[in-house]
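Heads up: the structure comes next, in structure tokens.
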Amino acid sequence: MQTISGFVLLVIVLGLSTCIHADDQVRVLIIDGQNNHDWQKTTPILRNGLLATGRFSVDVATSPSARQDMSEFQPRFSNYDVVLSNYNGSPWSEQTRADFEVYVRTGGGFVCVHAADNAFPDWSEYNEICGLGGWHGRDEHSGPYVYLKNGEVIRDHTPGPGGHHGSQHEFQVTVRDVDHPITRGLPKVWMHTQDELYDRLRGPAHKMSILATAYADPAQNGSGRDEPILMTISYGQGRGFHTVLGHADYSIKCVGFMTTLSRGTEWAATGEVSIPAPKDFPTAGTTRSRD
Ligand code: ZN
């Protein structure tokens, strides 16, 4: 009888804790540890930006360094509502890749930030989940170039390398889907702080929607195309949010970056967005940053 009571109590406690998570905070796991970018500097800014909304709890899983054994790097994805990658490095173990695929396919959320879409060129399911990627040998075998032309989505199968950017500069981001929960209520055009504007990305881009683009100006050595900047991806039961923004600390301190990242993270986890558009959001002509 005591055992049964204990079991019942355990069920009640577990039930309560589940309710608290469901009602209160979205559980985020940030992955870092290897990147050709300064992840030691950017992860705390990403984490603090998410925490500032009051909507998230955030843990960080830091991988071993490059060239070290990756077999013990096995984050417990299923303990989280959404996984946010600030990682661009060594392949994960077969077990960790399998865990990740199952996690997203069965409803886990994923957020891909900037160079995280450079990672894992040969892992097909990861590229499905990101939609597009660049560098590390990506080419026509990775999927088409995807961009907008006269407002229409173009899937361009021309052979060539995937992934490029021109000079870092401030540029306008144009919202293409004003009805999506992530972009609803934001200015249609806003000025982003200094960043790399990724262009000529390639990938399978299945079940991918483009929420926002930016014009990669040839004067800045860009592609001359309206390039995807914010995307959503559907993968099994899971949702992905992909922002190509976020090269450096000064890029992610942009209120436009952090607002869309926070909203995208909430949406990837829950399918809904409750985080409001802040009053200090950038305008078409003026950047806005927060320290
Ligand atoms: Zn970069």
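Test each condition in (1) within 16 Å of the ligand (Cβ to nearest atom); (2) buried (at least 17 other Cβ atoms within 10 Å of the Cβ) for TYR250 and report the one that comes out false.
Evaluating TYR250 over (1) within 16 Å of the ligand (Cβ to nearest atom); (2) buried (at least 17 other Cβ atoms within 10 Å of the Cβ) leaves (2) as the failure.
Looking at LYS207 and the list (1) within 19 Å of the chain's Cα centre (by Cα); (2) at positive phi; (3) within 16 Å of the ligand (Cβ to nearest atom), which single condition is not satisfied?
Every listed condition holds for LYS207 apart from (3).
Identify the residue in segment 131-141 that is open to solvent by less than 50 Å² (accessible area, probe 1.4 Å) and more than 25 Å from GLN194 (Cα to Cα) and, among all such residues, is nearest to the ligand (Cβ to nearest atom). Steps first, answer last, please.
Taking segment 131-141 and keeping what is open to solvent by less than 50 Å² (accessible area, probe 1.4 Å), we get 131-134, 138-139.
Restricting the remaining residues to those that are more than 25 Å from GLN194 (Cα to Cα) gives 138-139.
Values: ARG138: 15, ASP139: 20 Å.
In this case the residue turns out to be ARG138.
Can you give me the number of residues within segment 76-130 that are basic (Lys, Arg) and either under 19 Å from MET231 (Cα atoms) or within 16 Å of the ligand (Cβ to nearest atom) (or both)?
Adding up the residues that qualify gives 1.
Taking only pairs six or more apart or across chains, which ones have beta-carbon atoms under 8 Å, a first residue in segment 43-68 that is in a strand (DSSP E or B), and a second residue that is open to solvent by 60 Å² or more (accessible area, probe 1.4 Å) and not aliphatic (A, V, I, L, M)?
PHE56/GLN25; PHE56/ARG27; SER57/GLN25; SER57/ARG27; VAL58/ARG47; ASP59/ARG27; VAL60/ARG47
Quick grid of which residues meet (1) away from the ligand (no atom under 16 Å from the Cβ); (2) part of a strand (DSSP E or B); (3) polar (S, T, N, Q):
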residue: MET231; (1), (2), (3): yes, yes, no
residue: ARG239; (1), (2), (3): yes, yes, no
residue: GLY246; (1), (2), (3): no, no, no
residue: MET258; (1), (2), (3): yes, no, no
residue: GLY264; (1), (2), (3): yes, no, no
residue: ALA269; (1), (2), (3): yes, no, no
residue: SER274; (1), (2), (3): yes, no, yes
residue: LYS279; (1), (2), (3): yes, no, no
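Of the residues SER124, SER90, which is over 18 Å from the mean Cα position of the chain (by Cα) and surrounded by fewer than 23 Cβ atoms within 10 Å (Cβ to Cβ)?
None of the other options fit; the residue is SER90.
Between residues in segment 148-165 that are within 16 Å of the ligand (Cβ to nearest atom) and residues that are among the basic types (Lys, Arg) and open to solvent by 50 Å² or more (accessible area, probe 1.4 Å), which pairs lie under 8 Å by C-beta distance while being six or more apart or on different chains?
Close Cβ pairs satisfying both conditions: GLY162/ARG200; GLY163/ARG200; HIS164/ARG200.
How many residues, within segment 271-291, are in contact with a helix residue (DSSP H, G or I) (Cβ under 9 Å, 6 or more places away or on another chain), more than 18 Å from LEU197 (Cβ to Cβ) and β-branched (Val, Ile, Thr)?
Qualifying residue count for the region: 2.
The values are calculated or read from the model by the stated rules, or taken from the named source; none is laboratory data. Note that the structure is predicted; figures quoted are calculated from it, not measured. Don't worry about glycine lacking a Cβ; one is built from the backbone with ideal geometry, like all the others, and counts go over all protein chains shown. Just so you know, the surface numbers come from the protein's heavy atoms only, side chains and all, with ligands and any DNA or RNA stripped out. Shrake-Rupley method; radii C 1.70, N 1.55, O 1.52, S 1.80 Å.
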